[in-house]
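Here is the structure we will look at.
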Amino acid sequence: GRLDPTVPSKLYQDNPPGSAHGGTSSRFGLGVLLDNRDRELFSRSGWAMETSFEVAGPPLLGQYTFQRYSFIDRRYWSLDQYTLASRITFDSLQGNVPFWELSGVGGIDPVRDVSGPFLLRAYSYGRFHEKTKIIWSIDNRYYVTPQRIFGLLWETMLIPLGVDLGNIGEQTAWSFSTGANFLLNKSFLVRTLMGYAPTGFHYRLAFGQEY
C-alpha cells in the first residue's frame, strides 16, 4: 500500500513487541559469498551473490528465539566511464523477533537499518520495522579519472541518479538520490548524497561500501 510517513509500522501497531522494553539476543549464522567483481570497492564489472542463515535462541544465551534468511545479488555493467550498478536484497525473519532486529537486514556484512545511507537512502533512520523486506537499488554512475592530491590517490564516482524501491512488510517504499563517492588510496571510502523520499529531503555523509 501507499506509505504514510506519519503512521508507524502496521506490524508494530498490531503486535507491539515486548522487546521494545529491552532484552538481549544472541545468534549464530552461516553465509556463502560468490564474487567475481573486478574489485570490492568502486566495482565496475562482474557480480556478487551471497546467502546467509541465522538462528537465535536461549542455547545461545539470548532471550528470543528466531531465524533469519538473507539473499543479496549485486550486478555491474560498464561502458567506458559509465557504470550501471544494481543490488537486490531479500531478508526474512521468523519467530519471536526482538524489535531492534526488525529494522535491518542480515548477510555477511549486515545492515542495521534499511532506512539511511545503505539501502533506502533518503529515509530517516528507524522508519521501518518489518519481518520481510525486498529492496532493489539501482545507480547510474560515472567514474572520474583518478588524481593524486597531497600524495594520496583520489578516485571519484559521481552518481547522477540512484533509485531505491522496496516492499517492506505491507508497505511500499521509494526514494531518489544523487551524490558522489570518494575513494582514498583504494581503501577508505567516503560517500555523500542528497535524496528525496515521501518523508522529505535528506542529506547524507557516510563511510564504507554502499554496494
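For Y76, the accessible surface of its heavy atoms amounts to roughly 10 Å² (probe 1.4 Å, protein chains only, rounded to the nearest 10). For GluC sites (Glu not before Pro), the sites in the range 149-211 that DSSP calls loop and that have at most 12 other Cβ atoms within 10 Å are E170.
Taking S175, S86, S187 as the candidate residues, the one with maximal mean-square fluctuation in a Gaussian network model of the chain, Cα springs under 10 Å, is S187. For the chain, averaging the sequence separation of C-alpha pairs within contact (under 8 Å, six or more residues apart) and dividing by the residue count gives a relative contact order of 17 percent. Report which label in [x] 76, 34, 33; [y] 53, 37, 30; [z] 51, 39, 38 holds the value of Cα extents along the principal axes in Å derived from the coordinates of this structure. Matching entry in [x] 76, 34, 33; [y] 53, 37, 30; [z] 51, 39, 38: [y]. Taking trypsin sites (Lys or Arg not before Pro) in DSSP loop conformation with at most 16 other Cβ atoms inside 10 Å as exposed sites, the chain has its longest uninterrupted site-free stretch at 113-185.
Ignoring ligands, DNA and RNA, please state the percent of accessible area on the chain from carbon and sulfur, probe 1.4 Å. Reported share for carbon and sulfur atoms: 61 percent.
With contacts taken as Cα pairs under 8 Å at a separation of at least 6 residues, the range 50-163 carries a relative contact order of 22 percent.
The values are calculated or read from the model by the stated rules, or taken from the named source; none is laboratory data. Keep in mind it's a predicted model, so treat the numbers as computed, not measured. Positions of Cβ are generated from backbone atoms using ideal geometry, with glycine treated the same way; all protein chains shown enter the neighbour counts. Side chains included, ligands, DNA and RNA excluded: accessible areas come from the protein's heavy atoms. Shrake-Rupley method; radii C 1.70, N 1.55, O 1.52, S 1.80 Å.
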